[in-house]
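Trainee: This structure is in structure tokens; I'll ask about it shortly.
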Amino acid sequence: MDVDGADALDLTVSGGGIEYTANAWTFLGELAHCDMGAYTLGAAIGHFSELNNTVYTLCGSWDVSPVGTVGMDIIRIEGETFFAAFADYNLDTYQVQADLLSTDGLDLAAVAGGYSFGNGFSAIGSLSYFDLAGLDGTSVTIGGQYEFTEGANVELSVGRISTDFVDIDHVSFGLNYELGGRTSGRRTLGNVISGATGSFANLTNF
């Protein structure tokens, strides 16, 4: 990501309860995990390299139906509490996901989804609201996606970020390739942050 000459890299690798993100997070290691069928509870401890501080996380999710899951993470760092919540609903023809991020000085709520027309073509879009230290606004994106082979697709979308002071138009192109099957319907904290910020500005949601 490059904004006015300031660049940043976002790379996340996870597996077996350990997650590493190559930006500010050094590691997030799972302490406890309990899977009770439709319910999942977990706890984790990590290290935040930017603040040289320990991070504590409690998380949980609930499969409200065979195609729907809701979940929440509560993160405690340097005396501040950060909330991240999600809700997913996935069917063959359409998918909807909602994300909520909240902490002192930042609130972000987003809804995104897609509808499949068949033959690999889908319509995609998102709507989000943000409040950043008193600066509030909305973001809307709309676009299309084409799956050219199983698990691989390209997408193109356009959007507008609107505040009381400025309107920003943007275009996003992405390539996504997924292989294998997911072991859990629960989204990780990194997935929730990526989904929410992606719906807001198309920065991370290929």
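Trainee: So for the pair Leu41, Tyr56, with labels modelled 7 Å out along Cα→Cβ, what separation do we get in nm?
Mentor: 1.6
Trainee: Can you give the accessible area of Tyr56 in Å² (nearest 10), computed on protein heavy atoms with a 1.4 Å probe?
Mentor: We get 120 Å² for Tyr56.
Trainee: Next question. Across segment 78-187, what fraction of all alpha-carbon pairs, as a whole percent, falls in each successive 5 Å bin from zero upward?
Mentor: Spelled out bin by bin, segment 78-187 gives 2, 10, 16, 19, 19, 15, 10, 6, 2, 0, 0 percent.
Trainee: Something else about it: Under a 1.4 Å probe, what is the accessible area of segment 53-187 per residue, stated in Å²? Could you put the intermediate results ahead of the total?
Mentor: Details: 8040 Å² over 135 residues.
Solvent-accessible surface per residue comes out at 60 Å².
The values are calculated or read from the model by the stated rules, or taken from the named source; none is laboratory data. On a predicted model such as this, the values are computed, not experimentally measured, just so you know. Quick reminder, even Gly has a Cβ in these numbers, built from the backbone with ideal geometry, and neighbours come from all protein chains shown. Calculation scope for accessible area: heavy atoms of the full protein, side chains included, ligands and nucleic acids excluded. Shrake-Rupley method; radii C 1.70, N 1.55, O 1.52, S 1.80 Å.
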